[in-house]
Amino acid sequence: MKSFRPLAALRHRNFRLFWTGQLISLTGTWMHQTAQGWLVFKLTDSPFFLGLAGMAASAPILLFTMAGGVMADRHPKRNIMLLSNTVVMFLALLLAVLVSAGAVNVWHVLILAFLIGSMNAFEIPARQAFIIELVGREDLLNGIALNSSAFHAARMIGPAVAGLIMGAFGLAPCFFINAASFIAIVLALFRMRFIAEEVNPSPKTGMRKSFIEGLKYMMHSPDISALLIAAGIVSFFGFPYISFLPVYARDILKTGATGLGILMGCAGAGAFTGAVGLAVRGDTARKGIVMAIAGILFSCALLVFSLSTNARLSYAMLFLVGLGAINQIATANTLLQLTVPHELRGRVMGSFTTVFLGMSPLGNFAIGSLAHYTGTQKALMTSACLCLAGTVIVLWKKPAILRM
């Protein structure tokens, strides 16, 4: 029986550097996202443009992440991450300067969101597939859970801090802080040390051949396809709720910019709690059951939130939304990482990222358009109901998930 080590991955120096850099950088990223939503709503007073901004940030994930997965299998993942994070740092700085100078227009925000999303499309598959190189197979489960805890700790802290800063000093400082936060992850990546043979990329074949090889593997693996379909349902119907939180904060709950930070922070707190629970609990049997329960919890909590006009109830529901989301997605991530062959890991994680994050732009556009005609609450209620129905249908049609 393995010893109980809830922080086992942190015994690896490279992972400690990575985890610390990620925590700092991602806190800045969530500050940026919170301020960006408020900025777009301030400039346009339109939930449609909120959905459009979410689509601009997420569309590159749908368009380019599969290519990013192929690149992660062909080139050193650390180099991909160094380049993408450096570019995003300067893009965030450009937005900060535009806001500070009072020269920003909504089209600036949309273009920069698309460019940042394009860099993320190449960085995310490399980052996901990078973890096993930092901790090895023995501590992989713990590494994924701790990595998720860093992401959601930042999601909890960043929006709350952004709300306070926006209320006291305006929007520009949030973007400046985000740009500066990338220094942490860039320095962490530079300071890592590897044994050369541990990080050699897979043998290089043509891009087209590599792409087709990855698709064939996933299409002929029922377990992999079931996990990807489940993630795609949540991404399309569930995750776009984030883009419409400014409407709830200003017009429905009437809590303002500070309330927006609390709303996003509560979702982050729920996800952080779930990630820590996964890290402490460690490996469990019947992960598919955990995924199913978490998916239903996510959808039901989102449905209640969509109808709520009470701030405290809304905060509680978003906590459960975050808790359900992380248990579903982190468990799927773990199953994929442990199942996939090493030489295909980047491509499979690229596909996972595509359906997990890349379906959001389509959902943002669809729900934003619906909100424009029916109102935000009705649109989000419809989205939550479809997310719940889709999750149940996938579990019924793909019972293999429950046996994993």
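No value in this document is a laboratory result; all are computed from the given coordinates. Note that the structure is predicted; figures quoted are calculated from it, not measured. Please note: Cβ atoms are built from the backbone with ideal geometry, for glycine as well, and neighbour counts cover all protein chains shown.
Remarks
- Selected from Phe18, Leu260, Leu62, residue furthest toward positive end of dipole (the chain; charges at beta carbon): Phe18
- Gyration tensor verdict on segment 113-176 (Cα atoms; rounded if a/c is under 1.5, prolate if a/b is larger than b/c, oblate otherwise): oblate
- Lysine pair number, Cα distance threshold 22 Å (strictly under), the chain, separation 8 or more or different chains: 10
- Karplus (6.51, -1.76, 1.60) ³J(HN,Hα), θ = phi - 60°, over segment 119-135, in Hz, Gly and Pro reported as x: 5, 5, 4, 8, 6, 5, x, 5, 5, 5, 6, 6, 4, 5, 6, 8, 10
- Phi-based couplings in Hz for segment 66-80 (Karplus 6.51, -1.76, 1.60; Gly and Pro marked x): 4, 5, x, x, 4, 4, 5, 7, 10, 9, x, 5, 4, 5, 4
- Given charges at beta-carbon only (K, R positive; D, E negative), |dipole| of segment 1-120 in Debye: 800 debye
- Over the chain, the reciprocal of the mean inverse Cα-Cα separation, the Kirkwood hydrodynamic radius, stands at 21.0 Å.
- Size of charge dipole - the chain - debye, nearest 20, with Cβ of Lys, Arg +1 and Asp, Glu -1, no other charges: 560 debye
- Computed label-point distance, nm, for sites Ser221 and Leu307 using a 7 Å Cα→Cβ extension: 4.0 nm
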